[in-house]
Amino acid sequence: MVLCKLLGMGIQMKRLLIKYASEITLKGLNRRMFEDILVRNIKDRIGKEHRVEKESGRMYIDTVSSELASRLAKVFGIISVAEAEVVEKSIEGFAAAAIEQLKQKPQISTFKVETKRADKKFPMESMEISRRVGGEILKNIEGLKVDVHKPQCVVNIEVRDKGYVYTDELKGVGGMPYKSSGRGVLLLSGGIDSPVAGYMMARRGMELTGVYYHSHPYTSERAKEKVIELARKLSQFTGRIRLFVVPFTRIQMEIMEKCREDELTIVMRRFMMQVAEEIARRDNAMCLITGESLGQVASQTLESMFVTNSDLAMPVFRPLIGMDKVDIMDIARRIDTYETSILPYEDCCTVFVPKHPKTRPKLEEIRRSAALLSVNELILEAADNAELIVAEILE
Amino acid sequence: MIYFDNSATTKPDREVIAEVAECMELYYANPSSAHKLGIEAEKKLKTARAHVAALVNAAEQEIIFTSGGSEANNMAISGVIDEGCHIISSKIEHPSTIKLLQLLEKKGIEVTYLDVDSAGVICIEELKQAIKDNTRLVTIMHVNNEIGSIQPVYELTKLVKGINRRIKVHIDAVQSAGKLELDMNKLEADLVSISAHKLHGPKGIGALYIRKNTNIRPFIVGGGQEGNLRSGTENIPGIAGFGIAAQKAHRELRDRTEKVALLKSYFIERLSELEGVRINSLADQQHVPHILNVSFERVRGEVLLHALEDYRIYVSTGSACSSKDTKHSNYVLPAIGLKEEHIKGAIRFSFAFTNEKEEIDTAIAALKEQLPFLRRMRG
């Protein structure tokens, strides 16, 4: 075997070892479908020229670079990525690699060995492999101690079709493969919450189509650029995102002219939902996603959400509904949308703000107010005139 | 397209663009290099320096190239002050001056910010009163970027120097160079900042005039370029482009100013056809002709700016871009005593000799169309 010859000659061979969500491996007959989507997403993000090899519960790529690894760590469904050394399947093979790798880390003083034996033909059980390799390490490196509870370094050994040893594992974002759970329309405002809401649904496998309401001349081109930038930041995880920019000024003008001042926001929110639903219908999406969190602002009281939600056929998902603002901000920082979100440009929600918006609107009253406008015509016109922008990370 | 934002930056002159391109193409050698190619690049540098010097009637060796107006201001101020000294400035300086002074205040330096009157001009008497024994620097802008008010720089410099010759005077002439006459034989200032892109030159290049025998600390140390005061390999394309722009601005100064003055008075005349308008920078001796600041009542300046975009008319707002944007909140318009409504509805039209009278007619027509609508629908 070529591999054995190479190893025998002392040449190191490494590959990226990808662990993916165990949830996928439990999918029974649908497992293949989820894995295929994950492979497609991986290739989409790192380039089609890379071959992705599948083996039960693991995927491998033969190009090893930390840049590639960090891109993979942002692919939904991936739990971790490691630069694993391919070794001969024997205690000597495992130990030699483990010792070599630990010697590269003079700063650590405690370790433990963890073994996974998928190849049941290998004549030793995992516990025994760990124990024997650990023994070899102790013999060969002075000053190291085993700590099974809080080790500074974990030596991972995997006995599969080939043998693998690795000590560094890059944590992935987890979740389920993007585009494995249908498509939803995300209402992106430019604030902190909506990108996080989109992230959370995308992480569960939902493909996102963005919708942004632009109120020219009341909001600037910069506000629009900001939302495109937010979509671009999300696309680090999802790949390209299609964003519809909906001209919203006419609807807002009509509401201003025909509705009571304290009902402006709630009537506007109903329109936003309805236009988003129309776009979702045209885009073969099956739900709406918003960044609402219970009670955060006047339009996010239960009464308000009841009113905006009524008269919609599609489900509206609000993944942040039970979260505190600080927790949402933490996620926004982690996914790198926070700094963009806090840029101070007005969006369509902040331009026409009544002094005292209704916090407990009544559905029938609001329905009557909205009916003063030619609702269907306005919705269709807004959807017809939406501009499609594709947001993706520039490489 | 109608470009009325010439105080933000100007369109580079064609000859400037050609010069920049030629320098990148042919004169890319390092002017410090000993070979012939280096000497050719150095010649470009010398010629440009002569043109910039001529613009302000200074000697060539009194011109130091910087990365622009902000750097020139920073270099001038931080280069001449000492610990525990006193600085006099005004309330309407450019942020590159104000922010630096605020930093210096934190380090224990005392700063007096002179008030301005409703025209945006400081009071010479107040300046006189502010001078103290430890006053080390007076830094004042020649022309304000937002309202175009002209400070009496010749008079104030004379006054300061008459009281104490050792007080350094720095004039930020970024908005006036190439527009008002600057004569360093008459203006007794020690330091003057200029920027190229405000006079149809390239961005990223400016100059600091430093009067002969003025003691100033270097701003960037290194290879010793620009008389040891501003190290770094010279930006030859930028400098040469600046040279051409300065030469043309100098040569055409009177014609350009005359044309722009006509544009401003015509604009003001036409604005009288609209109601709810306040002119914040009149066509008088106290204001430059290229800046026209106007408040439109019952409209937010930012919204009007975006509405004008649809007509491809480009202007600036006088006030903060957004109610949430406190970082860039305006201090100039409050300083001349404008009411909240006039601050919010302020628009700055800034002209260049490249503008035409017809463009003003188009702008007035656009305003007549948009104002009634925007006033009915106030965001």
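Tabulated data for the structure shown
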| read-out | value |
| --- | --- |
| Nearest-0.05 FRET efficiency for A:Asn140 and A:Lys120, computed from C-beta distance (R0 41 Å) | 0.90 |
| Percentage relative contact order, segment B:152-290, counting C-alpha pairs under 8 Å, at least six apart | 18 percent |
| Solution diffusion estimate, µm²/s, Stokes-Einstein, segment A:12-109, Kirkwood Rh from C-alpha pairs, 20 °C, viscosity 1.002 mPa s | 145 µm²/s |
| Net charge of Cβ neighbours under 14 Å - reference B:Phe65; Lys, Arg +1; Asp, Glu -1 | -1 |
| Percent RCO, i.e. relative contact order, over chain B, from Cα pairs under 8 Å lying at least 6 residues apart | 23 percent |
| Distance in nm between pseudo-label sites at B:Tyr266 and A:Ser70 (7 Å out along the Cβ direction from Cα) | 5.7 nm |
| Note, ³J(HN,Hα) from phi for segment B:337-342, Karplus 6.51, -1.76, 1.60, rounded to Hz, x at Gly and Pro | x, 6, 6, 3, 5, 6 |
| If the convex hull is drawn through the Cα atoms of segment B:1-123, its volume per residue in Å³ | 184 Å³ |
| Using a Förster distance of 51 Å, the FRET efficiency for B:Ile163-B:Glu273 (Cβ separation, nearest 0.05) | 0.55 |
| Per-residue ³J(HN,Hα) for segment A:247-262, Karplus 6.51 cos²θ - 1.76 cosθ + 1.60, θ = phi - 60°, Hz, x for Gly and Pro | x, 10, 4, 4, 4, 5, 4, 5, 5, 4, 6, 10, 10, 5, 4, 6 |
| Given charges at beta-carbon only (K, R positive; D, E negative), |dipole| of the protein assembly as shown in Debye | 1940 debye |
| Charge-dipole axis of chain A as Lys and Arg at +1 and Asp and Glu at -1 on Cβ define it, positive-most pick from A:Ile328, A:Gln152, A:Ser293 | A:Gln152 |
| 222 nm mean residue ellipticity, helices alone, for chain B (DSSP H n ≥ 4; -39,500 (n - 2.57); rounded to 500) | -12000 deg cm²/dmol |
| Coordinate range along principal axes, alpha carbons of the protein assembly as shown, Å, largest first | 99, 79, 49 |
| Set of aspartates and glutamates near B:Lys248 by C-alpha distance (under 12 Å), chain-local residues within fewer than 8 positions excluded | B:Asp13, B:Glu15 |
| For chain A, alpha-carbon Rg over 2.2 N^0.38 Å | 1.24 |
| Dipole in debye (nearest 20) - segment B:14-251, about Cα centre, beta carbon charges: Lys, Arg +1; Asp, Glu -1 | 360 debye |
| Neighbour-count ranking [beta-carbon atoms within 10 angstrom, fewest first] of B:Asp172, A:Asp384, B:Asp117 | A:Asp384, B:Asp117, B:Asp172 |
| Modelled FRET efficiency - R0 51 Å, B:Arg298 with B:Ala54, Cβ distances, 0.05 increments | 0.60 |
| Added length on full extension, which subtracts the Cα-Cα distance from 0.36 nm per residue, B:Gln61 to B:Thr47 | 3.8 nm |
| Kirkwood-based Rg to Rh ratio, segment B:85-220, C-alpha trace | 0.94 |
| Kirkwood Rh and Cα Rg combined as Rg/Rh, chain B | 0.98 |
| If the convex hull is drawn through the Cα atoms of segment A:183-391, its volume per residue in Å³ | 106 Å³ |
| Principal semi-axes in Å for segment A:9-64 [√(5λ), Cα gyration tensor, largest first] | 24, 14, 8 |
| Once the Cα gyration tensor of segment B:253-376 is diagonalised, semi-axes √(5λ) in Å | 23, 18, 13 |
| All aspartates and glutamates inside 13 Å of A:Lys233 as judged from Cα atoms, apart from same-chain residues fewer than 8 positions distant | A:Glu225, A:Asp336, A:Glu339, A:Glu392, A:Glu395 |
| Three semi-axes of the equivalent ellipsoid, segment A:292-394, Cα gyration tensor, whole Å, largest first | 27, 21, 15 |
| Using θ = phi - 60° and Karplus 6.51 cos²θ - 1.76 cosθ + 1.60, couplings along segment B:159-171 (whole Hz; Gly, Pro as x) | 4, 4, 5, x, 7, 7, 4, 7, 6, 7, 10, 10, 10 |
| Solution diffusion estimate, µm²/s, Stokes-Einstein, segment A:2-171, Kirkwood Rh from C-alpha pairs, 10 °C, viscosity 1.306 mPa s | 94 µm²/s |
| Size of charge dipole - segment A:183-391 - debye, nearest 20, with Cβ of Lys, Arg +1 and Asp, Glu -1, no other charges | 380 debye |
| Ranked list, fewest to most other Cβ atoms within 10 Å of each Cβ, for A:Glu229, A:Glu263 | A:Glu229, A:Glu263 |
| Kirkwood-based shape ratio for segment A:128-220, expressed as Rg/Rh from alpha carbons | 1.32 |
| Within chain A, helix-based [θ] at 222 nm, where runs of 4 or more DSSP H residues each add -39,500 (n - 2.57), nearest 500 | -12500 deg cm²/dmol |
| Beta bridge orientation in the protein assembly as shown: antiparallel %, DSSP, nearest 5 | 55 percent |
| Relative contact order [Cα under 8 Å, 6+ residues apart], chain A, whole percent | 17 percent |
| Difference of contour (0.36 nm per residue) and Cα-Cα distance, A:Asp36 to A:Glu387 | 123.1 nm |
| Packing-based exposure ordering (other Cβ within 10 Å, fewest first) of B:Thr112, A:Thr290 | B:Thr112, A:Thr290 |
| Added length on full extension, which subtracts the Cα-Cα distance from 0.36 nm per residue, A:Glu365 to A:Glu261 | 36.1 nm |
| Rounded to 5, the percent of DSSP beta bridges in segment A:183-391 classed as antiparallel | 25 percent |
| Over 30 Å between alpha carbons, listed pairs B:Lys11/B:Lys368; A:Lys27/A:Lys116; A:Lys171/A:Lys325; B:Lys264/B:Lys339; B:Lys44/B:Lys161 | B:Lys44/B:Lys161 |
| Fraction of antiparallel bridges per DSSP, segment A:2-171 only, in percent to nearest 5 | 75 percent |
| Total formal charge among the other residues, if their Cβ is under 13 angstrom from that of B:Arg165, Lys/Arg +1 and Asp/Glu -1 | +4 |
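Values in this text are rule-based calculations from the coordinates and carry no lab data. These numbers come from a predicted model, not from an experiment. Note that each Cβ is placed from the backbone with ideal geometry, even for glycine, and that neighbours are counted across all protein chains shown.
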